[in-house]
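Data block below; observations after.
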Amino acid sequence: MERCNIRREAKEPCPAIRQSVHSSEEASNERGAKGRRKGRSVNEKAPEAKSAGVPQGAKQVEDIYGRWPWVERSVWSERMLLALENGVQGGKWYSLMDKVWQGENLSAGWMKAFVNEGSAGIDGQSIKQFTAHLGKELDRLQTELRDRRYEPHPVRRCWVPKPGSKEKRPLGIPAVRDRIVQGAARNVMEPIFERVFAQYSYGFRPGRGCKEALRRVAQLLAAGNIWTVDVDLKSYFDTIPHDQLMARVKELISDGRLLALIEQYLKAGVMEGLKGWEPTEQGTPQGAVISPMLANLYLNPLDHLMEAQGYALTRYADDFVVQCRSEAEAQAALELIRQWVQANGLTLHPTKTRIVDATQRGGFEFLGYHFERGLKWPRQKSLDKLKDTLRHKTRRTQGKSIEEVIADLNLTLRGWFEYFKHSHGSIFAPLDGWVRMRLRSILRKQQGKKGRGRGSDHQKWPNAYFDKLGYFNLVKAHRLAVQSH
């Protein structure tokens, strides 16, 4: 594989670095004002980026990119980032659509789709098939976007199991071409939204994640915020009202073509097997590239409202808790949430939304952990999901050597432990014992014996035997993790 490590037509250079110049119908908004700007297509070389002319020259340029290290630089120049930090005229961004369809940005959208892989949409085109004719496909997308002929396909709906549950949830799979355009649109919009997002929202945001959210929850519990409002929004992604969501977007973006593109995605509908096409009158499809960003935007006013009222909210997408110092404070927080949710067209789950004293039995669950009486450990669904994965990898009839089985197990165990290593130590010994039991059962099978590994098998294959074969010992890993702190 050459340069981009992909197969494609002719001898074109890598699309991720190919550019050209087309005159744009849109005006630039690098500092909130309207001015002419040239767009770049997929196949021609772009001119070198000009200096922003800010004080301290290149150093200040790198300083601002240091504050926004994740932005797509082909879209966000240093001038635009300075405008983002200082505020644009009227608080709204104009003339953004030409930045969506510029060549480097579409190539960046393709690169993310290529790395994430994923299934084909309703058109049946896989990411591999798209990539085989990459230059031609990206040029076609750019032309359709520029000439206002682009229309997204409906998403293909499939149903996937909920972790640790027999229930299933709907997942929308956009066509590859639509994932690429959505990625390019996200590259344009995400910094604008990030500028206004609340501090304690952690889900699907650059540089943030579950670990930061869990750390905040643990710190608040240690500080005495033991009364917890455990909030569950019923079918949140499927029930967001389109008109109110678009109103949030319009507070920050005034480019009519980009707004129309977002509405196209919201209204594209879904295709599910023989059921045919179904319109989407509300919600954002789970699985769409821009859905998490739009979902965060819709709940952003709630984040700021709770903070302004002095409540300690921690949110990861639609999963959030509010930690209070008294039951009365928790009741008041829940009532405020209930009023906001109702006014914004959403619904609280009647049984899953509750107030919990975290010092008592029962506790609450958040992001895979169970919090109770000053301790935390993996919730039962997280343990069940892990065991389901390990059962599949330790089938006695798979015909692999015990060394191969252990090497495969370690991939799962290391990743799981990295997330749950802050659990109470008592959780790890039973898991180690359960895994070793299944490994002994494999060894029995290899010797022509039936049944599970127990009894005298412990003497024949002691724990140290598996450690010598490289088994990732959870108890020892936890002991080392505690010592390192």
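The values are calculated or read from the model by the stated rules, or taken from the named source; none is laboratory data. Note that the structure is a prediction, hence the values are computed from the model and not measured. All Cβ positions, glycine included, derive from the backbone under ideal geometry; neighbour counts span all protein chains shown. Just the protein is used for accessible areas: all its heavy atoms, side chains included, with ligands, DNA and RNA removed. Shrake-Rupley method; radii C 1.70, N 1.55, O 1.52, S 1.80 Å.
The residue that is most open to solvent (accessible area, probe 1.4 Å), counting only those in segment 83-101 that are over 30 Å from L141 (Cα atoms) and assigned to a helix (DSSP H, G or I), is Q89. One residue alone among R148, R177, R140, R186 is modelled with pLDDT of 95 or more, at positive phi and among the basic types (K, R), and that residue is R148. Under the condition of being open to solvent by less than 60 Å² (accessible area, probe 1.4 Å) and either of a type in the set (K, R) or in contact with a Lys or Arg (Cβ under 9 Å, 6 or more places away or on another chain) (or both), the residues counted in segment 406-415 number 3.
Listed here are the residues, each with its yes/no results for (1) part of a strand (DSSP E or B); (2) surrounded by fewer than 19 Cβ atoms within 10 Å (Cβ to Cβ); (3) not basic (K, R).
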position	(1), (2), (3)
R177	no, no, no
Q182	no, no, yes
P191	no, no, yes
R216	no, yes, no
Q219	no, yes, yes
M246	no, yes, yes
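The residues of segment 427-485 that are polar (S, T, N, Q) and within 35 Å of the chain's Cα centre (by Cα), listed by number, are N473, Q483, S484. Scan segment 309-344 for residues that are in a loop (DSSP other than H, G, I, E, B) and either surrounded by fewer than 14 Cβ atoms within 10 Å (Cβ to Cβ) or touching an Asp or Glu at 6+ places or on another chain (Cβ under 9 Å) (or both) and the total you get is 5. Tallying residues that are open to solvent by 40 Å² or more (accessible area, probe 1.4 Å) and either out of contact with any helix residue (DSSP H, G or I) (no Cβ under 6 Å at 6 or more places or on another chain) or at pLDDT 95 or above (or both) within segment 386-400 yields 10.
Residue-level check: of (1) in a helix (DSSP H, G or I); (2) surrounded by 16 or more Cβ atoms within 10 Å (Cβ to Cβ), E403 misses just (2). For segment 340-390, a residue qualifies if it is under 30 Å from D243 (Cα atoms), hydroxyl-bearing (S, T, Y) and touching a strand residue (DSSP E or B) at 6+ places or on another chain (Cβ under 8 Å), and the qualifying residues are T347, T353.
A single entry from M306, M293 fulfils the requirement of being touching a Leu at 6+ places or on another chain (Cβ under 6 Å), modelled with pLDDT of 95 or more and surrounded by 15 or more Cβ atoms within 10 Å (Cβ to Cβ): M306. Kindly indicate whether T351 is open to solvent by 50 Å² or more (accessible area, probe 1.4 Å) and without any contact (Cβ under 8 Å) to a residue 12 or more places away in the chain. So T351 fits the description; yes. Considering (1) open to solvent by less than 10 Å² (accessible area, probe 1.4 Å); (2) out of contact with any strand residue (DSSP E or B) (no Cβ under 7 Å at 6 or more places or on another chain); (3) in a helix (DSSP H, G or I), the lone condition that A198 does not fulfil carries the number (3).
Any residue in segment 372-385 that is at pLDDT 95 or above, farther than 29 Å from L299 by Cβ and open to solvent by less than 50 Å² (accessible area, probe 1.4 Å)? Yes, because at least one residue in segment 372-385 is at pLDDT 95 or above, farther than 29 Å from L299 by Cβ and open to solvent by less than 50 Å² (accessible area, probe 1.4 Å). Per the listing D232, D238, the residue uniquely open to solvent by 20 Å² or more (accessible area, probe 1.4 Å) and in a helix (DSSP H, G or I) is D238.
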